[in-house]
Amino acid sequence: MKQFAVFLFSAISVFAQAQPAAGIAGQVTDPSGAAVPLASVRLFTRDATVQQTTTTDAQGRFRFERLAPAEYLIEARTEGLDQASPVLVRAEAGRVTEVDLKLDIRGLATQVQVTAAVTPQSTIEAGKALDVVDSSMLERRAEIILSEAVRLVPGLRVQQLGGPGSFTRIQMRGLRAADTGVLIDGMRLRDPASVQGDATAFLGDLQLINTDRVEILRGLGSSVYGTNATAGVLNLVTDSGGGRTRGEISGEGGGLGLARGLARIAGEAARSRLHYSAGAAHLNVNGGVDGVESVRNSSAQGQLLWRPSATASLSGRVWATLSTVGINSSPYAAPAANLPATTVIPAIPLDAAQARLGDRGLPFQWGGATFAPNFFDPDGRREGRFVTTLVQWVQQATPRFHYRLSYQNVDTHRDNRNGPAGQGYQPQWNSSSVFAGRIDTAQARADFAAARWNAFSAGLEWEREFYENPSRDENPNPAQRVNARASAHQRSLAVFVQDQLRLLGERLQIGLTGRWQTFELSRPKFEGGFPLYQNAPFAAPPDALTGDAAISYFIPSSSTKLRAHAGNGFRAPTLYERMGSSFFWGAFSPLGDPQLRPERTVSFDFGFDQYFASSRYRASATYFYTRLQEVIAYSGLVNDPYGRWGGYVNMGGGLARGLELVLEARPQRNLLLTSSYTWTNADERRSSLIGGSLRSIRVFPHMFTLTATQQLTRRWQVTTDFLAASDYISGSFFVGSGSRPYEFPGPRKLDVTGSYTLPLADTRSLRFFVRAENVLNQRYFEDGFRTPRAWATAGMKFLF
């Protein structure tokens with residue numbers, strides 16, 4: 001069997017190499033016909049088997065070689081505000097196809113995205129609500145962390161509990177943080193050791209190092225991307241390399257004790273057979289907000305792609321992060337005498353001078369405060385790391401048939417350490433609680449073009465995940481010392497299909513997607529205490545079956561796109577929800593249920609995109625509706641078959657609906673404006689708060705954003721962004737027998753970034769930049785945690 005597999009692989013490779021290669025070349029010009037040097041040109045196949053980048057030479061020329069005969073989408077952009085919308089071109093075997101790209105210096109260009117479906121589409125074609133934050137936008141705003149990069153996207157609620165590198169949540173369309181999936185190059189990034197199996201535990205660690213763009217799908221993604229994608233997904237796309245050797249070396253520092261260095265490089269070698277990109281960065285925050293924070297983060301990201309022939313490629317990608325974050329005490333409620341009898345408590349913070357006393361472990365006066373913020377904890381920290389690697393083989397077997405084989409590994413490790421020092425409840429001895437996990441994913445996918453207007457994809461995905469939770473302390477009495485370990489693993493198998501139709505001269509786009517997933521559990525292991533779940537049934541839990549449909553229609557006469565998207569989603573129960581436990585006083589206590597059913601969701605959205613004045617203005621509106629039919633939540637229990645007094649159960653969910661409005665404008669060549677307003681009405685079916693409040697926690701009912709970029713001269717550029725949001729409800733404060741709802745004022749945050757570029761040679765330059773955040777110096781809190789007031793950093797980049 002092994003010999004047959006080797007023979008088959010070799011035969012396919014030889015067949016692929018025998019096909020004559022194609023090429024695409026051309027010139028990028030401005031509307032006057034002048035050549036545009038150093039423009040970035042990107043190439044995508046319709047089936048996503050090829051994504052390449054190159055740069056234009058001094059005459060504005062570009063060239064892609066060793067391509068398979070196929071249809072391609074090609075686009076161009078500059079470091080400024082000018083872009084060329086995607087052009088569809090067909091490469092023929094044995095010849096070089098010429099295509100010229102003209103930059104649009106007045107209007108708004110569309111872009112190619114790869115997240116809304118399993119195949120690339122231009123943003124004008126997609127039937128789903130989608131945003132792209134590309135590298136030029138990240139550069140203009142000088143962003144260094146993923147959460148800040150997507151903070152202004154309509155429908156997204158980004159909550160950061162402190163300064164850069166702090167714990168971060170991202171909620172989409174009024175749903176929970178676990179409903180938003182995070183992808184790296186289209187493959188899931190999850191922490192199998194976290195309670196809900198999502199990527200939230202590592203969001204604060206995700207530096208932007210070698211990321212070409214971030215694509216944000218607003219709305220259901222379960223049928224395409226599986227679990228933890230019922231609200232949408234964030235897809236971080238790695239720089240594919242290619243073109244001339246290019247890169248940067250940069251450093252910055254300033255407020256909050258922040259210092260960061262970064263180096264990256266990309267290009268190609270071996271006559272375009274080898275494409276590469278790599279980057280590394282180190283972030284250090286010494287003091288942070290009010291001098292009580294500390295962050296150290298070292299990260300690296302890279303990709304290598306080898307093309308043995310025009311129709312085949314083998315690629316590898318790695319992203320690794322090692323971080324240490326100081327963990328302070330959690331905010332807590334004031335004494336009962338300070339709290340009003342109303343259902344919702346106004347969030348009144350402890351006076352800043354009194355908070356400083358609390359940071360030093362000294363007695364303080366409550367005054368009229370209703371909560372105390374996070375106090376400094378000198379011996380609390382989280383040491384974390386994750387490594388995700390991807391290996392992928394892609395081949396065009398025939399001009400109509402492509403396939404890909406992928407393997408990804410995600411390895412996560414979080415060690416929460418604490419000691420007796422600090423305010424509030426603290427352990428008697430130094431302690432350590434480790435949450436470690438591993439996910440192995442193997443995927444095979446085939447793409448078949450039945451006709452020019454129809455692309456069909458089908459795939460098989462196998463996944464294995466494992467988690468363990470060792471706990472220990474340093475009790476000087478060995479007989480009472482904690483040394484316990486719980487571990488579990490499960491496997492799943494999924495089949496997914498998609499059919500993409502392009503009709504009526506590609507004005508009508510229809511996408512149909514379906515996914516079926518089944519699970520297999522293994523009995524957990526417990527060490528250091530009496531084992532749990534010994535009598536629990538471990539038959540296969542219920543399967544998950546999802547599907548969705550998206551449709552868009554473009555009306556050329558009025559430059560109007562109508563779109564709609566509907567379907568159902570799911571979130572698979574995590575290992576912790578199924579077999580999790582706590583360890584206290586020398587014994588394990590069960591929290592999970594091995595027979596939990598997957599969460600179920602139904603959702604739809606519809607809207608339009610309207611272009612005006614030769615595409616210089618775009619107005620967009622989207623209405624969304626999501627019903628969580630059944631969720632997994634923690635609840636008190638009576639007469640539970642596993643002896644639990646509280647644990648994870650299936651129960652009714654909630655409802656979220658709202659409206660997203662976006663206006664983009666380019667009234668002048670050197671001015672770009674983007675504004676959005678989001679209204680969200682999210683309610684729980686069953687309240688978890690004292691008083692019965694049904695408002696979903698942490699959700700902004702109203703949010704407004706505005707971004708303005710002004711290219712003052714060819715060297716000077718200024719970008720300003722503003723976010724304002726209404727008050728929100730927090731459920732993080734335990735009072736007596738449960739949590740009471742606190743109402744916190746929403747932020748009013750204004751950031752300004754300015755840069756000056758000094759040319760050194762044709763391809764080299766120095767860029768000086770300043771980024772000022774929270775310029776209005778607003779004092780606001782996230783779930784009671786302090787956030788930075790006005791602060792700024794400055795830095796320099798050497799670009800080549």
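On the accessible surface of segment 348-458, probed at 1.4 Å, how many percent belong to carbon and sulfur atoms?
On the way: 2920 of 4860 Å².
Its accessible area is 60 percent carbon and sulfur atoms.
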Karplus-derived HN-Hα couplings along segment 237-247 (A = 6.51, B = -1.76, C = 1.60, θ = phi - 60°), whole Hz, x at Gly and Pro
9, 6, 4, 7, x, x, x, 5, 5, 8, x
Need one number: nm distance between label points at THR398 and TYR634, each 7 Å from Cα along Cα→Cβ, rounded to one decimal.
5.6 nm
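Could you tell me what percent of the accessible area of segment 543-695 is made up of carbon and sulfur, with a 1.4 Å probe and every protein chain present? Present the calculation step by step, with values, prior to reporting the outcome.
Details: 3960 of 6620 Å².
Within segment 543-695, the accessible surface is 60 percent carbon and sulfur.
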Could you tell me whether segment 100-238 comes out rounded, prolate or oblate from its Cα gyration tensor? Rule is a ≥ b ≥ c as square roots of the eigenvalues, rounded for a/c under 1.5, then prolate if a/b exceeds b/c, otherwise oblate.
oblate
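Please state the relative contact order of segment 113-211 as a whole percent: Cα pairs under 8 Å, 6+ residues apart? Mind showing how you got there, number by number?
Working: 122 pairs, mean separation 22.5, N = 99.
Rounded, it is 23 percent for segment 113-211.
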Total charge dipole magnitude, the chain, about the Cα centre, Cβ charges on Lys, Arg, Asp, Glu only, Debye to nearest 20:
760 debye
With θ taken as phi - 60° and the coefficients 6.51, -1.76 and 1.60, list the Karplus ³J(HN,Hα) couplings across segment 325-332 in order, rounded to whole Hz; mark glycine and proline as x.
10, x, 10, 8, 5, 7, x, 9
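Once the Cβ-Cβ distance between ARG685 and SER726 is put in as r, and R0 is 30 Å, what FRET efficiency do you end up with, to the nearest 0.05? Don't jump to the answer; show the numbers that get you there.
Details: r = 23 Å, r/R0 = 0.76.
Result of the calculation: an efficiency of 0.85.
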Just to confirm the filter: which GluC sites (Glu not before Pro) across segment 429-483 are DSSP coil and have at most 15 other Cβ within 10 angstrom of their Cβ?
GLU474
Computed about the Cα centre, the charge dipole of segment 159-292 from +1 Lys/Arg and -1 Asp/Glu charges at the Cβ has a magnitude in debye, to the nearest 20, of 320 debye
Projecting the Cα atoms of THR574, THR757, GLN428 onto the charge dipole of the chain, where Lys and Arg contribute +1 and Asp and Glu -1 at Cβ, the residue farthest towards the positive end is THR757
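Roughly how big is segment 624-706's charge dipole about its Cα centre, with Cβ charges of +1 (Lys, Arg) and -1 (Asp, Glu), in debye to the nearest 20?
160 debye
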Once you compute Rg and the Kirkwood Rh from C-alpha atoms, what is the Rg to Rh ratio for segment 153-216?
0.93
Under-5 Å amide H pairs with GLY580, H placed in peptide plane, nonlocal only
LEU591, GLY592, ASP593
Can you tell me the orientation of helix 2-18 relative to the chain, as the angle in degrees between its alpha-carbon axis and the longest Cα principal axis, to the nearest 10?
40 degrees
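For segment 30-132, what class follows from the C-alpha gyration tensor (a ≥ b ≥ c being the square roots of its eigenvalues): rounded when a/c is under 1.5, otherwise prolate if a/b is larger than b/c, else oblate?
Because a/c hits 1.5 or more and a/b fails to exceed b/c, segment 30-132 counts as oblate.
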So the carbon and sulfur contribution to the accessible area of segment 93-160, 1.4 Å probe, in percent, is 48 percent
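With an 8 Å cut-off on Cα pairs and a minimum separation of 6 or more residues, tell me the relative contact order of the chain in percent. Before the final figure, lay out each step's value.
Working: 2371 pairs, mean separation 85.8, N = 800.
Across the chain, relative contact order equals 11 percent.
Specify whether the C-alpha gyration tensor of the chain places it in the rounded, prolate or oblate class, a ≥ b ≥ c being the square roots of the eigenvalues: rounded for a/c under 1.5, otherwise prolate if a/b is larger than b/c and oblate if not. Write down the numbers at each step before the final one.
Working: a/c = 1.67, a/b = 1.34, b/c = 1.24.
Prolate shape, in that a/c is at least 1.5 and a/b is the bigger ratio.
Please work out the average accessible area per residue across the chain, using the 1.4 Å probe convention, and give it in Å².
Working: 30980 Å² over 800 residues.
I get 39 Å² per residue for this part.
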Testing the spin-label approximation: label points 7 Å from Cα along Cα→Cβ at LYS525 and ALA446. State their distance in nm.
3.9 nm
Options LEU217, PRO598, ASN777, ranked by Cα towards positive dipole end of the chain, top entry (Cβ charges)
LEU217
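Out of segment 723-800, which GluC sites (Glu not before Pro) are coil in DSSP terms and have no more than 14 other C-beta atoms within 10 Å?
On the way: sites: GLU743, GLU773, GLU782; in loops: none.
For GluC sites (Glu not before Pro) across segment 723-800 that sit outside H, G, I, E and B with at most 14 neighbouring Cβ atoms in 10 Å, the list is empty.
As an exercise, identify the trypsin sites (Lys or Arg not before Pro) in segment 496-593 lying in DSSP coil whose Cβ has no more than 15 other Cβ atoms within 10 Å.
Working: sites: ARG502, ARG507, ARG515, LYS525, LYS561, ARG563, ARG571, ARG578; in loops: ARG507.
Qualifying residues, ordered by number: ARG507.
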Read phi for every residue in segment 383-389 and hand back ³J(HN,Hα) as whole Hz from Karplus 6.51 cos²θ - 1.76 cosθ + 1.60, θ = phi - 60°, with x for Gly and Pro.
9, x, 7, 8, 9, 10, 10
Given the options ALA444, VAL497, ILE105, identify the residue whose Cα lies farthest towards the positive end of the charge dipole of the chain (+1 on Cβ of Lys, Arg; -1 on Cβ of Asp, Glu).
ILE105
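The values are calculated or read from the model by the stated rules, or taken from the named source; none is laboratory data. Since we're looking at a predicted model, the values are computed, not measured. Every residue, glycine as well, gets a Cβ built from its backbone with ideal geometry; the counts of neighbours run over all protein chains shown. All accessible areas refer to the heavy atoms of the entire protein, side chains included, with ligands and DNA or RNA removed. Shrake-Rupley method; radii C 1.70, N 1.55, O 1.52, S 1.80 Å.
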